[in-house]
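Below is one structure, written out as structure tokens, with a few remarks after it.
The values are calculated or read from the model by the stated rules, or taken from the named source; none is laboratory data. Keep in mind that what you see is a predicted model, and the values were worked out from it rather than measured. Using ideal geometry, Cβ is built from the backbone for each residue, glycine included, and neighbour counts are taken over all protein chains shown.
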């Protein structure tokens, strides 16, 4: 198995860095059974009204064909929560009749309405959404709408112009971790969770170089028993086989890393740090490598 890791600090369930969402979904795994899917064709395997599908700022644009797969699943009773401040979900939002407008590279305290309650929410780099026909605004930054919901056939779509509501940094290291988490949990309700991790930028870890090196080592070691068979006997062969197993294991671990669990364990959090400043936000966007729209 070839190991891989996400590139940058994207809001991926496989990323346990500040911008990942691994901690939030790990906390939900016993109650909601989160399932990772990387191909939207797999939606056919899941009963729409039992699941809620999360699409959180994919690194690459979703194709029109994939957008239709999501639309059909939602119209049959599914719920999709799209959290994205980039343009990579543009094709899907177009089918849903929703457009994003102004990009805001700022950190602000906003509010969301859920189950008749007003919840303070922290937005960290976001896009505004127009209050168009058929949509219901649910989150605001000042007087500007940041999140909306819309009934689509027998299902519904919730669009939030910010993917950072439940990133590890916000959840673990700010006082908004609890209200942000509460808001997203209420959107989920009692449904099980699908998390879309396709269209994500992955880095293959020394795959070709590692395979070539391991093959060379195995080829050399495999010839050693034949060389020593006539001179030192069976004990040396056994010793060489043990050495072969140890070297192969060490080389594999160094080159390919250990297999990553779907929900990686986070390091012990350091709490009560001050909020990120704009300079750090911009650095995070640069590390992530996602170009955001600044058109007004």
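Being within 22 Å of residue 185 (Cβ to Cβ), out of contact with any helix residue (DSSP H, G or I) (no Cβ under 9 Å at 6 or more places or on another chain) and at pLDDT 90 or above is true of residue 47. You will find that of 46, 68, 51, the residue that is touching a residue at least 24 places away in the same chain (Cβ under 8 Å), closer than 17 Å to residue 155 by Cα and out of contact with any strand residue (DSSP E or B) (no Cβ under 7 Å at 6 or more places or on another chain) is 68 and no other. Here residue 131 meets each of (1) farther than 12 Å from residue 83 by Cβ; (2) assigned to a strand (DSSP E or B) with one exception, condition (2).
Residues checked against (1) out of contact with any helix residue (DSSP H, G or I) (no Cβ under 7 Å at 6 or more places or on another chain); (2) surrounded by 24 or more Cβ atoms within 10 Å (Cβ to Cβ):
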{"residue": "145", "(1), (2)": "yes, no"}
{"residue": "170", "(1), (2)": "no, yes"}
{"residue": "176", "(1), (2)": "no, no"}
{"residue": "185", "(1), (2)": "yes, no"}
{"residue": "191", "(1), (2)": "no, no"}
{"residue": "202", "(1), (2)": "yes, no"}
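For region 11-22, the criterion of being over 14 Å from the mean Cα position of the chain (by Cα) and modelled with pLDDT under 95 is met by none of the residues.
For residue 88, state whether it is over 23 Å from residue 186 (Cβ atoms) and buried (at least 17 other Cβ atoms within 10 Å of the Cβ). The answer is yes for residue 88.
Comparison of 162, 124 shows that the only residue that is on the phi < 0 side of the Ramachandran plot, in the same structural domain as residue 20 (by TED's automatic domain parsing), touching a helix residue (DSSP H, G or I) at 6+ places or on another chain (Cβ under 8 Å) and buried (at least 20 other Cβ atoms within 10 Å of the Cβ) is 124.
Scanning region 20-34 for residues that are out of contact with any helix residue (DSSP H, G or I) (no Cβ under 7 Å at 6 or more places or on another chain) and over 19 Å from residue 57 (Cα atoms) turns up 27, 28, 29, 30, 31, 33. In the set 122, 194, only one residue is over 28 Å from residue 39 (Cα atoms) and under 20 Å from the mean Cα position of the chain (by Cα); that residue is 122.
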